[in-house]
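The values are calculated or read from the model by the stated rules, or taken from the named source; none is laboratory data. Being a predicted model, the structure only gives us computed values, none of them experimental. Counting neighbours? That spans all protein chains shown, and the Cβs are built from the backbone with ideal geometry, glycine included.
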Amino acid sequence: MSSPTLPRPSRHRREDEFSGERHVYEPHTVGLPPLRSYVHELWRRREFAVELSRTKLREQHFDTALGQLWLVLNPMLLALVYFLLVDILRASGSHDGKFFAHLMAGLFAFYFIHNSITVGVKSVTKGGRLILNSAFPRALLPLSAVITAFMRFLPTIIVYAPVHIITGLPIGPHLLWTLPILALLILLACGLSMLVAAAQVYFRDLSSFLPYVLRIWLYISPVLYYAERVPDRYKFILDINPLGGLLTAWSDVLNRGHAPDPGSMLLGLAWGVGLFIVAGLFFMSREREFAVRL
Amino acid sequence: MSSLSVSERTAVNVESVSVTYRTSFERAPTLRSTMLRLGRRERVVREIEAVRNVTFDVPHGTVLGIVGANGAGKSTLVRTIAGILPPTAGRVEVHGRVSTLLALGVGFNRNLSGRDNVVLGGLAAGLKRGQLAEKYDDIVAFAELEEFMDMPMRTYSSGMYGRLAFSVAVNMEPDILLIDEALSVGDARFRRKSAEKMRELCGEDRTVVLVSHALGTIQELADQAIWMDKGEMRMWDDPESVINAYTEFLEVRQDAVTLEEM
């Protein structure tokens, strides 16, 4: 901020903290907008992300009774389908009684990430007119997709809770570990959503590849099996899988009833924070181009 | 380039601004085509120098008209002032709250109702919910779309689209209003109404930057005008001289057709 400003006329002006009275637009250094004001503007418009997500959910009839029922039924059916699949493949009998709860918890967490990505991928390309018409931090669009995915994740907790209790899994303070894991999952979801949303601008067929990628990702994640059952020669997959550590920790807490192993938590922390930062910087460095690429 | 007396109260200050961007001229950029292209070692990215070293300022309460042929950089310039496209070089300084009415207007999701689109557009522009609620009735009343607000925007006619967009832009109580080729919306009555609203806004010490091919509108509303040509500013003067020079350049006489059409 240079150049002394003359006292601004205030006759009709409403001095609101949100009305952004003075804007300076200069070339972005190293392709990035000034971070502090970017984050400030982003936070100032958080209601926009919430409202965008709300209209999206309304489109999916989230606000009707049947729509909500579907939100509960859908994950339940999903869990049943995968349980049958895995159980038949396993020639039955090899699972302990806790397996269904493990599968369910893992599947629901996975689908939170899954939904963040599939909703997020088109968030920028579909926001075309809004992007062409007004200046706002574009990251709001993919972040709003994460809110949408999270709102769809919440009812799955209601589906999971009775299974947890009926299976007789331990309930205690160790369950608080789910909170930091969830926080890291959200961070990961934000990172991935921003990443695919920006990439979709350049590669419009990305959204049609994604279902395959996500399917493979589910199979290499410790959801349809316990992490410790992975043969040693495939253990590395859990390390290079961004969800490997987090889902292992998730199952440790929910299913095994103990604090997660620090290794998995650190791995999850590295992936969550790392991906969030890298994807966030990538998105911001690209977003100035969106208006001319759409 | 003539130098008009620079007011002390500048609303928009554009200082040797250049905007260059790279865009791909593929029909639909895809991963598949990129990989095929890499195999053939082709490049499809083109650099476009949309605005080149443009300097001007707009004092508060002034209406600035921008004229120029298609592709002269008018829209890019206005987008830069709006903060949508960052400049590649130079500096833009804007004092006051900006409201934009660029070619496409509101209605970014045609499946959402007019109400949802107005709310989302307002929130994206940085308004608070309460502030938006305050203005909502004015917006709807001005656009005369009371009974259509809860219908999806895909059911709107293009005139209704334009009316709503105009109404949103002017009712945001902007200090600076950026309008790109959008005054010619709606029927004759609404056009008159929007012209009146524009005059009213100009009288209230607000600043307007107006891009239009309708030279009559520029001549009537603007206090100053800029003529953009191939990314450069050819002229900055009072509207009459600019329009005269521009029409002379176009080798068309300034007759009624040029003034009224579009």
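Here are some notes:
- Breaking point among (1) in a loop (DSSP other than H, G, I, E, B); (2) touching a residue at least 60 places away in the same chain (Cβ under 8 Å), for B:Ala28: (2)
- Residue in segment A:131-139 that is touching a strand residue (DSSP E or B) at 6+ places or on another chain (Cβ under 9 Å), assigned to a helix (DSSP H, G or I) and either of a type in the set (Asp, Glu) or farther than 21 Å from A:Tyr225 by Cα (or both) present: yes
- One residue stands out in segment B:63-85 among those that are within 20 Å of B:Thr10 (Cβ to Cβ) and within 13 Å of chain A (Cβ to nearest Cβ): the one that is surrounded by the fewest Cβ atoms within 10 Å (Cβ to Cβ), namely B:Gly83.
- Tallying residues that are assigned to a helix (DSSP H, G or I) and of a type outside the set (Phe, Trp, Tyr) within segment A:217-250 yields 17.
- Verdict on A:Pro155 being surrounded by 19 or more Cβ atoms within 10 Å (Cβ to Cβ), closer than 18 Å to A:Lys122 by Cβ and either at pLDDT 95 or above or not aliphatic (A, V, I, L, M) (or both): no
- Note on segment B:86-97: residues that are within 7 Å of chain A (Cβ to nearest Cβ) and either in a strand (DSSP E or B) or among the small types (Gly, Ala, Ser) (or both) amount to 7.
- Segment A:238-252, residues that are modelled with pLDDT of 90 or more and touching a Gly at 6+ places or on another chain (Cβ under 7 Å): A:Gly245, A:Leu246, A:Leu247, A:Ala249, A:Trp250, A:Ser251
- Qualifying residue in segment A:197-213 (condition: closer than 23 Å to A:Ile88 by Cβ, surrounded by 13 or more Cβ atoms within 10 Å (Cβ to Cβ) and touching a helix residue (DSSP H, G or I) at 6+ places or on another chain (Cβ under 9 Å)): no
- Within segment A:268-294, tally of residues that are within 14 Å of chain B (Cβ to nearest Cβ) and either part of a helix (DSSP H, G or I) or among the charged types (D, E, K, R) (or both): 10
- Output for segment B:112-141, where each listed residue is more than 7 Å from chain A (Cβ to nearest Cβ), over 22 Å from A:Glu41 (Cβ atoms) and touching a residue at least 12 places away in the same chain (Cβ under 8 Å): B:Ser113, B:Gly114, B:Arg115, B:Tyr136, B:Asp138, B:Ile139, B:Val140
- Out of A:Phe236, A:Phe282, A:Phe203, A:Phe276, sole residue that is over 19 Å from the mean Cα position of the chain (by Cα) and under 30 Å from B:Pro87 (Cα atoms): A:Phe203
- Candidate set from segment B:152-185 (those that are more than 11 Å from chain A (Cβ to nearest Cβ), crowded, with 22+ Cβ neighbours inside 10 Å and of a type in the set (Gly, Ala, Ser)); member that is farthest from B:Gly126 (Cα to Cα): B:Gly162
- Out of A:Ala145, A:Ala183, A:Ala189, one residue alone is at pLDDT 95 or above, surrounded by fewer than 22 Cβ atoms within 10 Å (Cβ to Cβ) and either part of a loop (DSSP other than H, G, I, E, B) or within 14 Å of the chain's Cα centre (by Cα) (or both). It is A:Ala183.
- The combined condition, being surrounded by fewer than 24 Cβ atoms within 10 Å (Cβ to Cβ), touching a Lys or Arg at 6+ places or on another chain (Cβ under 6 Å), within 11 Å of chain A (Cβ to nearest Cβ) and modelled with pLDDT of 85 or more, is fulfilled by B:Glu15.
- Screening segment A:24-58 for residues that are within 7 Å of chain B (Cβ to nearest Cβ) and assigned to a helix (DSSP H, G or I) and picking the one that is farthest from B:Val17 (Cα to Cα) gives A:Thr55.
- Filtering segment A:116-138 to residues that are at the interface with another protein chain (Cβ under 10 Å from one of its Cβ atoms) and either among the hydrophobic types (A, V, I, L, M, F, W, C) or without any contact (Cβ under 8 Å) to a residue 24 or more places away in the chain (or both) leaves A:Lys126, A:Gly127, A:Arg129, A:Leu130, A:Ile131, A:Leu132, A:Asn133, A:Ser134, A:Ala135, A:Phe136.
- The condition of being within 8 Å of another protein chain (Cβ to nearest Cβ) and either within 17 Å of the chain's Cα centre (by Cα) or at pLDDT 85 or above (or both) holds for only one of B:Val106, B:Val58, that being B:Val106.
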